[in-house]
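J.: The structure that follows is given in the form of C-alpha cells.
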Amino acid sequence: MQDRYTFEYAIIRIVPKVEREEFFNVGVILFSKRKKFLGIKYYIDPEKLAAFSPDVELKVFEDYLKAWELVCKGSPAGGKIGAMELSDRFRWLSACRSTIIQSSKTHPGLSEDPQKTLEDIFNKQVL
C-alpha cells in the first residue's frame, strides 16, 4: 500500500449550448500532490460535437482546452494561473463554472502511477 498515492481527478465536459444543459465528456484532469503530478488528456469527437450542435466550431473548444493544457504544464504561456502551484492550478481548472467547458466534481483515488491512471480514466470516461 505504500507505493500507492492519493490523487484527485475531474472529468472535462463540453456544453455546446449552455442553456440546454446537455454535455458530453471530452477529457480528464488528474492531480497527485505526493507525486507532484498534474496532467490533462482530452479528445473532442467532431461527429459527436456536430450531433449536439452543428453550428459550433470545433476550433473554439480546442483553443480553450489547449489553454487548459498550458495551465496544467505550468507554461509561461499559461499566464498567472500557469505560474501557480500545482494544487492551485488543479483547483482553478476543476472549479465549478457555467461556460461551454466545465468540470465535474472532483473524485479521489489511489494510484501507483498517475499517468497510467489518467489514461485509464480517460479511456473509461471519454472514449
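Coordinate-derived values only; no laboratory data. Nothing here was measured: the structure is a model prediction, and the numbers come from that model. Virtual Cβ from ideal backbone geometry, glycine too; neighbours counted across all protein chains shown.
J.: How would the stretch 56-104 be classified by its alpha-carbon gyration tensor: rounded, prolate or oblate, with rounded meaning a/c under 1.5 and the a/b versus b/c comparison settling the rest? Could the numbers behind the result be given before it?
T.: Details: a/c = 2.94, a/b = 1.38, b/c = 2.13.
Oblate, because a/c is 1.5 or more while a/b does not exceed b/c.
J.: So between R4 and D45, what do we pick up on full extension, going 0.36 nm a residue minus the alpha carbon distance?
T.: Numbers: separation 41, 0.36 × 41 = 14.76 nm, distance 3.28 nm.
In short, 11.5 nm is gained.
J.: On to the next question. Any chance you could get the radius of gyration and Dmax over the Cα atoms of the stretch 5-125, in Å?
T.: 14.2, 43
J.: Check cross-link reach from K48 to the aspartates and glutamates: straight Cα distance under 19 Å, and skip same-chain residues fewer than eight apart.
T.: The reachable aspartates and glutamates, counting only those whose Cα sits under 19 Å from K48, are E19, E21, E22, E57, E62, D63.
J.: Order the peptides 97-105, 67-75 from the highest to the lowest mean number of other Cβ atoms within 10 Å of their residues.
T.: Details: 97-105: 14.1, 67-75: 18.1.
Ranked by mean Cβ neighbours within 10 Å, highest first: 67-75, 97-105.
J.: Considering Cα pairs under 8 angstrom that are at least six residues apart, work out the relative contact order of the chain and quote it in whole percent.
T.: Numbers: 224 pairs, mean separation 45.1, N = 127.
Relative contact order here is 35 percent.
J.: Take the alpha-carbon positions of the stretch 4-72, form their convex hull, and give its projected area averaged over all directions (one quarter of the hull surface) in nm². Write down the numbers at each step before the final one.
T.: On the way: hull surface 21.1 nm².
Hull-based average projected area comes out at 5.3 nm².
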